[in-house]
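Undergrad: Dumping the structure here so I can ask a few things about it.
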Amino acid sequence: MKYTPWPKCDPVKNCFQLPNEIFLLGLSPGALAVYSYLLCCENRSTYQCWPSYRTIGRAVRMSANTVRKYVCELEDHQLISTESTTVTTRDGLKRNGSLLYTIRPIQLALDRFYEQQLTQIDAAAERQRVATALALRGDKRGSA
């Protein structure tokens, strides 16, 4: 058997792409791991998947509660959206199912991130303007 250090990657079967822009958003390492797993699981035509918190946790070595925290972080960054699902048992009872995750376009998250940065810059500039005005007012009172 011939050793190949880098096996061929069939994008349909066993590889997925992680957008480079994901590293600009300031995600925590745990959120990045959960997002990567969701991208790995997604249906490439519908952009949806439905693994449970426990399944994600086993894959990324986290507890279900920790996964839940990172899923909320991904929703806050608008990288994913979630919907509750229901399952009907054999007895005819309806139970809560796993969440249905929809992977959203990265551009939406980037637009929101840049908008937040511009708002922070505007607020910092306004604080600087007020501080300068107050300093000038204080100098005028001190010299009078």
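The values are calculated or read from the model by the stated rules, or taken from the named source; none is laboratory data. This one's a predicted model, so the numbers in the text were calculated from it and none came from an experiment. Virtual Cβ from ideal backbone geometry, glycine too; neighbours counted across all protein chains shown. Ligands, DNA and RNA are excluded from the accessible area calculation, which covers all protein heavy atoms including side chains. Shrake-Rupley method; radii C 1.70, N 1.55, O 1.52, S 1.80 Å.
Okay, residues lined up against (1) under 16 Å from the mean Cα position of the chain (by Cα); (2) not in a helix (DSSP H, G or I):
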residue: 39; (1), (2): yes, no
residue: 44; (1), (2): no, yes
residue: 54; (1), (2): no, no
residue: 58; (1), (2): no, no
residue: 67; (1), (2): yes, no
residue: 70; (1), (2): yes, no
residue: 73; (1), (2): yes, no
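Undergrad: Residues being among the small types (Gly, Ala, Ser) and either open to solvent by less than 50 Å² (accessible area, probe 1.4 Å) or touching a Leu at 6+ places or on another chain (Cβ under 9 Å) (or both): count how many of those fall in the stretch 38-69.
TA: Result for the stretch 38-69: 3.
Undergrad: Further question on the same structure: I'm trying to understand the selection: among the residues of the stretch 16-37, which are open to solvent by 50 Å² or more (accessible area, probe 1.4 Å), outside any helix (DSSP H, G or I) and touching a helix residue (DSSP H, G or I) at 6+ places or on another chain (Cβ under 7 Å)?
TA: Scanning the stretch 16-37 gives 16, 18.
Undergrad: Now a separate question. Quick check: anything in the stretch 76-90 modelled with pLDDT under 90, open to solvent by 50 Å² or more (accessible area, probe 1.4 Å) and of a type in the set (A, V, I, L, M)?
TA: Checked the stretch 76-90: at least one residue is modelled with pLDDT under 90, open to solvent by 50 Å² or more (accessible area, probe 1.4 Å) and of a type in the set (A, V, I, L, M).
Undergrad: Hey, among the residues in the stretch 110-144 that are over 25 Å from residue 22 (Cα atoms), at pLDDT 90 or above and not polar (S, T, N, Q), which one's most open to solvent (accessible area, probe 1.4 Å)?
TA: Only one residue fits best here, namely 127.
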